[in-house]
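> Let me give you the structure first, and then I'll get to my questions.
The values are calculated or read from the model by the stated rules, or taken from the named source; none is laboratory data. All values reported here derive from a predicted model rather than from experimental measurement. Please note: Cβ atoms are built from the backbone with ideal geometry, for glycine as well, and neighbour counts cover all protein chains shown.
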Amino acid sequence: MSTDDSKDSITAIDTRFGLDARQLEQTLGTALARKSDFADLYFELRESTHVGLEEGLVKRANVSISQGVGVRVLAEEKTGYAYSDEITPEALELAAASARTIAHGSSAERRIAVRTGIASPSHNLYPIDAKGVSRPLPDRIDLLQKIDKEARKFDSRICNVMANLAIEEKQILVTNSEGTHIADSQPLVRVNVSCVAESGGKRETGNAGAGGRFSIGFYLDEPEQAFRLARDAARQAIVNLDAEEAPAGEMKVVLGPGWPGVLLHEAVGHGLEGDFNRKKTSAFADRIGDRVASELCTVVDDGAMERRRGSLNMDDEGTPTGRTVLIEKGRLRGYLQDRLNARLMGVSPTGNGRRESFMHAPLPRMTNTFMLSGEDDPGDILRSVDNGIYAVSFGGGQVDITNGKFVFSAREAYRIEGGKVGAPLKGVTLIGNGPDALTRISRVGNDLALDEGIGVCGKDGQSVPVGVGLPTIRLDGMTVGGTRT
Amino acid sequence: MSATKPVIETAREVLQTAHAAGATSADVVVVSQEAHAASVRLGEVESVELSRQKRLGLRCFRGHSSAIASTADFSASGLESFVRETVAMANVLPEDPDSGLPDATLLERNAPDLQLEDPGGFHIDGDGSITAARDCEEAAMGADPRIRNSEGATSSASASEIAYASSIGFEGHYRTTNHSLSVSPIAEENDAMQGDYWWDSARSREDLADPAEIGRIAAARTLRRLGARKLATTRAPVIFEAPIAASLLGHLAGAICGGALYRKLSFLQERLGEVIASPLVQITDEGRLPGGPASRPFDAEGLPTRSTTIVKDGRLESFLLDTYAGRKLGRPSTGSASRSIGDAPGASPTNFRLAPGLTPASDLITGISRGLLVTSLSGMGVNTITGDYSRGASGLWIEGGEIAYPVEEITIAGNLIDMFQSIDALGDDLRPRSGIAAPSLRIAEMTIAGS
């Protein structure tokens with residue numbers, strides 16, 4: 001577990017499961033009923049560790065080890081999928097036979113050739129040094145205790161601190177009927193701090209977190225990176241103690257840089273995923289080339305950024321990740337694709353075929369989704385608003401792909417009066433219409449920032465880590481869901 | 001897949017290994033599951049999925065220090081090193097004086113059979129599932145020419161075995177089965193699309209609603225959204241349709257569970273014994289409802305489950321506690337511990353029900369001059385520490401006691417305590433198909449934000 005040292009991923013996964021090329025050829029051969037079909041095997045080995053502190057005490061450490069294989073057969077628009085956490089020749093054969101029931105065709109065996117050597121992705125966005133992704137448990141416990149002290153030191157009204165260090169080491173191997181035979185080793189770490197502030201019978205919370213695809217050693221070697229989060233969570237809890245009721249109705253909204261990029265994720269990102277557009281269930285279907293945002297807006301999805309939480313060397317189908325332009329100067333340019341939907345739509349996969357684990361078939365998903373910087377000074381953007389709302393941190397959002405309506409909720413927001421940032425507001429939920437919201441962007445700042453690395457995206461019951469990013473922007477006329485009329 | 005030994009035997013062996021490795025006490029949960037799902041879209045099979053899984057979760061104590069681990073590697077050598085390393089991890093952790101297994105005298109000694117399994121046994125019927133999904137979608141698509149697209153229909157079936165054993169002498173296991181069917185049609189009119197869905201879920205396939213009936217309900221729910229408008233910002237009475245009312249009840253359930261309380265994260269902190277809701281409100285947690293969707297014969301610490309009155313005539317009568325949260329709060333466990341396989345036990349609701357009223361649900365709009373019937377909610381705008389509530393909504397606008405037109409892209413906002421206290425009518429339409437279930441309910445006034 002945590003003491004595991006050698007992490008030579010590429011050999012580890014097939015050695016661990018005792019897999020050889022002959023066995024994989026046999027399984028793919030069983031999975032395929034017809035020549036036109038496609039089959040892939042996805043092997044996964046994952047170890048996740050959480051160490052958590054609350055009430056000043058590191059109370060528990062959890063380790064979860066999971067392993068398994070997903071066997072998929074694609075026949076035209078159909079998907080057959082079977083998975084098992086047992087990786088034996090018998091289990092593989094049974095899974096392959098189950099997955100192929102989707103295809104009604106001849107039962108002739110098809111010969112598949114699997115190369116002997118396993119390939120590696122062409123880029124390595126998350127190199128890990130010899131010390132590995134994890135660090136000894138006592139060191140992690142020590143850091144959590146210091147985080148607790150740092151947060152409590154910020155203000156005497158902080159009455160509880162919850163902090164968590166999470167480490168995930170995942171190894172995957174993708175082998176398919178078209179010759180792909182490739183493995184990747186994917187580290188992912190995260191620090192979360194949540195503070196409760198109490199004063200005069202009122203209580204509020206503040207949250208901060210950060211992480212990415214690197215070693216937890218980053219925070220142990222530079223504890224200030226974690227202390228900064230502790231102070232920020234404490235500060236947010238204290239700010240929210242004085243938050244006033246938010247107004248209700250349509251008004252100008254300024255979104256700060258970074259995490260408020262969740263706007264893009266909900267308003268346009270999901271609606272541009274290939275599956276919804278192939279099935280024409282998205283409000284963005286058949287709209288390539290259309291104006292869907294103000295011409296100040298260029299939005300991309302980039303899975304190939306170093307160390308980012310949403311990044312991957314290759315997606316979960318073995319396709320290299322890259323940058324996809326979704327919206328260019330306000331016009332819709334492209335969709336996010338996995339293999340299945342790319343093939344059915346006659347385009348190339350974009351490296352966005354992702355899955356939560358071996359228990360799930362891949363879907364087109366976002367990686368790091370953000371808007372490129374504009375030219376405005378962020379201070380000027382705030383000064384340009386006479387009466388509105390400035391939102392700097394968000395909890396989460398949701399979208400109805402079909403009618404385009406999306407909603408997301410602020411965790412920290414302020415009133416803007418006469419161009420100045422005023423009182424903090426509580427309960428700021430923003431609601432809008434995806435194909436329309438970005439056309440209301442009238443100013444784009446020169447301060448693009450990506451979020452700190454805490455995003456989780458859910459779709460069809462599958463959660464995957466993602467990133468978002470945004471420069472400061474002004475939206476003219478969004479509905480704010482406060483209580484004050 | 002291969003012939004395996006009963007899960008309870010594995011649990012017993014792991015406890016022995018843990019003891020030998022130096023654990024002062026321990027508990028083990030083993031869950032194995034077999035599942036099948038078939039989806040049909042536009043009349044064609046879209047996906048078929050089959051799975052088998054088995055996982056083991058171990059919690060080890062060294063005095064008052066504990067560590068938790070889970071694995072799917074059941075090989076003898078794999079389990080041996082898994083247990084050793086979990087105990088080693090517990091050695092490194094600080095002591096938490098409130099941690100530990102429950103008092104052995106409280107353990108369930110005679111777990112009842114709650115009929116959580118299909119009496120006919122569990123068989124995967126691939127063709128039957130596809131037929132059910134196809135019939136369901138066909139009924140939805142055939143309901144109206146404006147329904148021309150679909151996200152498909154899915155028929156799922158699963159069987160699980162859950163075993164729990166602890167070093168203070170508890171051993172228990174039970175089986176459950178579950179069958180469900182859902183469909184998501186899409187309607188289009190004047191170039192605007194709307195989607196909605198309907199579903200059913202039951203312990204046995206025979207108890208599921210007729211697929212065509214599920215399809216027709218989904219179609220009606222989808223069609224009524226066509227032509228939705230935005231509203232002007234206003235204050236008005238708000239009716240939560242039953243499936244949506246369950247989400248409100250869910251926020252209350254979260255706030256009375258031990259974990260939120262001892263961490264001081266609940267808007268119902270220190271409100272025990274106080275009036276927190278309208279006198280119409282009666283809420284119970286029924287752990288042993290025969291065949292219930294969230295019933296369990298014993299909790300995740302081996303304690304008997306029970307029926308607990310949560311709210312009586314608007315007064316908060318009980319929290320839901322596990323052993324640890326109970327010790328923190330100076331109260332006994334209510335037998336409410338549940339546990340995901342790799343995590344510590346924590347209290348959670350079972351069959352958590354807001355009792356229905358006598359008013360036919362369709363009469364809740366009677367007498368409302370202008371108001372909102374909410375049929376769908378979205379977003380995460382619920383602050384569970386303050387009760388502040390602001391969520392995206394869509395539904396039907398009411399004028400003169402009648403449905404006037406559909407509305408969307410609005411929010412409804414208030415505070416959960418105020419909302420529960422101003423419930424002025426409850427419908428008769430409780431649908432006990434999910435763990436947390438409520439009838440339609442009416443709240444006297446909320447802020448509705450629109451244009």
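> Restricting to region A:445-474, count the residues that are outside any loop (DSSP other than H, G, I, E, B), touching a residue at least 60 places away in the same chain (Cβ under 8 Å) and either surrounded by 24 or more Cβ atoms within 10 Å (Cβ to Cβ) or not aliphatic (A, V, I, L, M) (or both).
In the first step, residues of region A:445-474 are kept if they are outside any loop (DSSP other than H, G, I, E, B); the result is A:445, A:449-450, A:455-459, A:462-470, A:473-474.
This time we only want the ones that are touching a residue at least 60 places away in the same chain (Cβ under 8 Å), so: A:445, A:449-450, A:455, A:457, A:459, A:462-470, A:473-474.
Cutting the leftovers down to either surrounded by 24 or more Cβ atoms within 10 Å (Cβ to Cβ) or not aliphatic (A, V, I, L, M) (or both) gives us A:445, A:455, A:457, A:459, A:462-463, A:465-470, A:473-474.
Qualifying residue count for the region: 14.
> While we're here: Being in contact with an Asp or Glu (Cβ under 9 Å, 6 or more places away or on another chain) and not in a strand (DSSP E or B) is the filter here, so list the residues in region B:345-361 that pass it.
Looking only at region B:345-361, we keep the residues that are in contact with an Asp or Glu (Cβ under 9 Å, 6 or more places away or on another chain), and these are B:345-353, B:356-361.
Residues satisfying the conditions are B:P345, B:S348, B:P349, B:T350, B:P356, B:G357, B:L358, B:P360, B:A361.
> Kindly indicate whether any position in region A:369-376 is within 14 Å of chain B (Cβ to nearest Cβ) and either surrounded by fewer than 23 Cβ atoms within 10 Å (Cβ to Cβ) or not in a helix (DSSP H, G or I) (or both). Even if it seems obvious, please write down each step before you answer.
As a first pass, look at region A:369-376 and keep what is within 14 Å of chain B (Cβ to nearest Cβ): none.
Looking through region A:369-376, none of the residues is within 14 Å of chain B (Cβ to nearest Cβ) and either surrounded by fewer than 23 Cβ atoms within 10 Å (Cβ to Cβ) or not in a helix (DSSP H, G or I) (or both).
Residue by residue, here is whether (1) modelled with pLDDT under 90; (2) facing chain B (nearest Cβ under 8 Å) holds:
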{"site": "A:H50", "(1), (2)": "no, no"}
{"site": "A:L53", "(1), (2)": "no, no"}
{"site": "A:V58", "(1), (2)": "no, yes"}
{"site": "A:I65", "(1), (2)": "no, yes"}
{"site": "A:L74", "(1), (2)": "no, no"}
{"site": "A:K78", "(1), (2)": "yes, yes"}
{"site": "A:Y83", "(1), (2)": "no, yes"}
{"site": "A:E86", "(1), (2)": "yes, yes"}
{"site": "A:L94", "(1), (2)": "yes, yes"}
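> Show the residue pairs that are 6+ apart or on different chains and have beta-carbon atoms under 6 Å apart, the first residue being within region B:3-29 and of a type in the set (K, R), the second being modelled with pLDDT of 95 or more.
Pairs found: B:R12/B:A165.
> Could you check, for region B:118-126, whether at least one of its residues is within 14 Å of chain A (Cβ to nearest Cβ), β-branched (V, I, T) and either within 30 Å of B:G152 (Cα to Cα) or surrounded by fewer than 17 Cβ atoms within 10 Å (Cβ to Cβ) (or both)? Let's see the steps before the verdict.
Taking region B:118-126 first, the residues within 14 Å of chain A (Cβ to nearest Cβ) are B:124-126.
Remaining after also requiring β-branched (V, I, T): B:124.
Within this subset, residues satisfying the condition of being either within 30 Å of B:G152 (Cα to Cα) or surrounded by fewer than 17 Cβ atoms within 10 Å (Cβ to Cβ) (or both) are B:124.
Scanning region B:118-126 turns up at least one residue that is within 14 Å of chain A (Cβ to nearest Cβ), β-branched (V, I, T) and either within 30 Å of B:G152 (Cα to Cα) or surrounded by fewer than 17 Cβ atoms within 10 Å (Cβ to Cβ) (or both).
> Hey, can you tell me all the residues within region B:56-82 that are part of a helix (DSSP H, G or I) and free of Cβ contacts under 8 Å to residues at least 40 places away in the same chain?
Initial filter on region B:56-82 (part of a helix (DSSP H, G or I)): B:76-82.
Answer for region B:56-82, where residues must be part of a helix (DSSP H, G or I) and free of Cβ contacts under 8 Å to residues at least 40 places away in the same chain: B:A76, B:S77, B:G78, B:S81, B:F82.
> Now for a separate question. Out of B:P293, B:P243, I need the residue that is part of a helix (DSSP H, G or I), farther than 30 Å from A:E198 by Cα and not basic (K, R). Which one?
Working: B:P293 fails: part of a helix (DSSP H, G or I).
Within the list B:P293, B:P243, the selection yields B:P243.
> Please list, ordered by first then second residue, the pairs with beta carbon atoms under 7 Å, 6 or more apart or interchain, first in region B:395-416 and closer than 13 Å to B:L226 by Cβ and within 8 Å of chain A (Cβ to nearest Cβ), second part of a strand (DSSP E or B) and of a type outside the set (D, E).
If the second residue must be part of a strand (DSSP E or B) and of a type outside the set (D, E), the pairs left are B:E408/A:K405; B:E408/B:S394.
> Output the number of the condition that A:V421 fails; it satisfies all remaining conditions of (1) surrounded by 23 or more Cβ atoms within 10 Å (Cβ to Cβ); (2) away from every other protein chain (no Cβ under 14 Å); (3) of a type in the set (A, V, I, L, M).
It fails just one condition, (1).
A quick yes/no check of all residues on (1) modelled with pLDDT under 95; (2) part of a loop (DSSP other than H, G, I, E, B); (3) among the hydrophobic types (A, V, I, L, M, F, W, C):
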{"residue": "B:S2", "(1), (2), (3)": "yes, yes, no"}
{"residue": "B:R12", "(1), (2), (3)": "yes, no, no"}
{"residue": "B:L15", "(1), (2), (3)": "no, no, yes"}
{"residue": "B:H19", "(1), (2), (3)": "no, no, no"}
{"residue": "B:A23", "(1), (2), (3)": "no, yes, yes"}
{"residue": "B:D27", "(1), (2), (3)": "no, no, no"}
{"residue": "B:V30", "(1), (2), (3)": "no, no, yes"}
{"residue": "B:S47", "(1), (2), (3)": "yes, no, no"}
{"residue": "B:L50", "(1), (2), (3)": "yes, no, yes"}
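> Further question on the same structure: Which one of these is within 14 Å of chain A (Cβ to nearest Cβ) and in a loop (DSSP other than H, G, I, E, B): B:P97, B:P102, B:P185, B:P145? Can you show your working first?
Numbers: B:P102 fails: within 14 Å of chain A (Cβ to nearest Cβ); B:P185 fails: in a loop (DSSP other than H, G, I, E, B); B:P145 fails: within 14 Å of chain A (Cβ to nearest Cβ).
The match here is B:P97.
> Condition first: part of a strand (DSSP E or B) and surrounded by fewer than 23 Cβ atoms within 10 Å (Cβ to Cβ). Now tell me which residues in region A:246-291 satisfy that.
Passing the criteria: A:P247, A:G249, A:E250, A:M251, A:K252, A:R291.
> What tally of residues in region A:330-347 results from selecting those that are surrounded by fewer than 20 Cβ atoms within 10 Å (Cβ to Cβ) and either among the acidic types (D, E) or out of contact with any Ser or Thr (no Cβ under 9 Å at 6 or more places or on another chain) (or both)?
Within region A:330-347, the subset surrounded by fewer than 20 Cβ atoms within 10 Å (Cβ to Cβ) is A:330-331, A:333-334, A:343-347.
Remaining after also requiring either among the acidic types (D, E) or out of contact with any Ser or Thr (no Cβ under 9 Å at 6 or more places or on another chain) (or both): A:331, A:343-347.
The number of residues fulfilling the criteria is 6.
> Taking the condition of being under 16 Å from A:G427 (Cα atoms) and not in a loop (DSSP other than H, G, I, E, B), how many residues in region B:362-408 meet it?
Our first condition is that a residue be under 16 Å from A:G427 (Cα atoms); within region B:362-408, this holds for B:377-393.
Retained after the next criterion (residues that are not in a loop (DSSP other than H, G, I, E, B)): B:377-378, B:382, B:388-393.
Adding up the residues that qualify gives 9.
> If a residue has to be within 19 Å of B:I385 (Cβ to Cβ) and either surrounded by fewer than 21 Cβ atoms within 10 Å (Cβ to Cβ) or out of contact with any helix residue (DSSP H, G or I) (no Cβ under 7 Å at 6 or more places or on another chain) (or both) to count, how many in region B:263-285 make the cut? Before the answer, list the steps.
Quick first cut of region B:263-285, residues within 19 Å of B:I385 (Cβ to Cβ) only: B:263-272, B:274, B:276-277.
From what's left, either surrounded by fewer than 21 Cβ atoms within 10 Å (Cβ to Cβ) or out of contact with any helix residue (DSSP H, G or I) (no Cβ under 7 Å at 6 or more places or on another chain) (or both): B:263-265, B:269-272, B:274.
Qualifying residue count, region B:263-285: 8.
> Scan region B:165-174 and tell me whether some residue there is of a type in the set (V, I, T) and part of a helix (DSSP H, G or I).
Filtering region B:165-174 down to residues of a type in the set (V, I, T) leaves B:168.
Now drop any that are not part of a helix (DSSP H, G or I), which leaves none.
No.
> Out of the residues in region A:295-345 that are among the acidic types (D, E) and in a loop (DSSP other than H, G, I, E, B), state the one that is farthest from A:E169 (Cα to Cα). Write out each step before concluding.
In the first step, residues of region A:295-345 are kept if they are among the acidic types (D, E); the result is A:295, A:301-302, A:306, A:315-317, A:328, A:338.
Remaining after also requiring in a loop (DSSP other than H, G, I, E, B): A:295, A:306, A:315-317, A:338.
Details: A:E295: 41, A:E306: 17, A:D315: 16, A:D316: 15, A:E317: 18, A:D338: 24 Å.
Once the filter is applied, the top-ranked residue is A:E295.
> Now, a different point. Considering each of A:A234, A:A210 in turn, give the residue that is surrounded by fewer than 23 Cβ atoms within 10 Å (Cβ to Cβ) and not basic (K, R). Full working, then the answer.
Values: A:A234 fails: surrounded by fewer than 23 Cβ atoms within 10 Å (Cβ to Cβ).
Exactly one residue qualifies, and that residue is A:A210.
> Looking only at region B:219-229, filter to residues that are out of contact with any helix residue (DSSP H, G or I) (no Cβ under 6 Å at 6 or more places or on another chain) and either among the small types (G, A, S) or at pLDDT below 95 (or both); which one of those is nearest to B:E137 (Cα to Cα)? Write out each step before concluding.
Looking only at region B:219-229, we keep the residues that are out of contact with any helix residue (DSSP H, G or I) (no Cβ under 6 Å at 6 or more places or on another chain), and these are B:220-229.
If we keep only those that are either among the small types (G, A, S) or at pLDDT below 95 (or both) too, we end up with B:220, B:227-228.
Working: B:A220: 13, B:G227: 23, B:A228: 24 Å.
Per the criteria, the residue is B:A220.
> Sort through A:A285, A:A237 and tell me the only one that's out of contact with any strand residue (DSSP E or B) (no Cβ under 8 Å at 6 or more places or on another chain) and among the aliphatic types (A, V, I, L, M). Let's see the steps before the verdict.
Working: A:A237 fails: out of contact with any strand residue (DSSP E or B) (no Cβ under 8 Å at 6 or more places or on another chain).
Being out of contact with any strand residue (DSSP E or B) (no Cβ under 8 Å at 6 or more places or on another chain) and among the aliphatic types (A, V, I, L, M) holds for just one of A:A285, A:A237, which is A:A285.
> Then there's this: Yes or no: B:A220 part of a loop (DSSP other than H, G, I, E, B) and either aliphatic (A, V, I, L, M) or free of Cβ contacts under 8 Å to residues at least 24 places away in the same chain (or both)? Quick ask: steps written out before the conclusion?
Values: part of a loop (DSSP other than H, G, I, E, B): no; either aliphatic (A, V, I, L, M) or free of Cβ contacts under 8 Å to residues at least 24 places away in the same chain (or both): yes.
The answer is no for B:A220.
> Ok, one more. For A:K279, which of the numbered conditions (1) without any contact (Cβ under 8 Å) to a residue 24 or more places away in the chain; (2) touching a Gly at 6+ places or on another chain (Cβ under 8 Å) fails to hold?
Every condition holds for A:K279 apart from (2).
> Still on this structure, I have one more. Among the residues of region A:202-237, write down those that are away from chain B (no Cβ under 14 Å) and of a type in the set (V, I, T). Break it down into steps so the answer makes sense when it comes.
We begin by selecting, within region A:202-237, every residue away from chain B (no Cβ under 14 Å); these are A:208-232, A:234-235.
A:I216, the sole residue that qualifies.
> If you check A:I167, A:I128, which single one turns out to be crowded, with 22+ Cβ neighbours inside 10 Å and either within 23 Å of A:V456 (Cβ to Cβ) or polar (S, T, N, Q) (or both)? Lay out the reasoning, then the answer.
Working: A:I128 fails: crowded, with 22+ Cβ neighbours inside 10 Å.
The conditions single out A:I167.
> Quickly run through region B:85-100 and pick out the residues that are buried (at least 20 other Cβ atoms within 10 Å of the Cβ) and within 21 Å of B:P304 (Cα to Cα).
B:S99
> May I ask you to list the residues in region B:377-394 that are of a type outside the set (V, I, T) and more than 8 Å from every other protein chain (Cβ to nearest Cβ)?
Our first condition is that a residue be of a type outside the set (V, I, T); within region B:377-394, this holds for B:377-381, B:383, B:387-394.
Passing the criteria: B:L377, B:G387, B:A393.
> Go through region B:421-451 residue by residue and tally those that are in a loop (DSSP other than H, G, I, E, B) and within 14 Å of chain A (Cβ to nearest Cβ). Steps first, please.
Restricting attention to region B:421-451, the residues satisfying the condition of being in a loop (DSSP other than H, G, I, E, B) are B:422, B:428-435, B:438-440, B:450-451.
From the residues that got through so far, the ones that are within 14 Å of chain A (Cβ to nearest Cβ) too are B:422, B:450-451.
Within region B:421-451, residues that are in a loop (DSSP other than H, G, I, E, B) and within 14 Å of chain A (Cβ to nearest Cβ) number 3.
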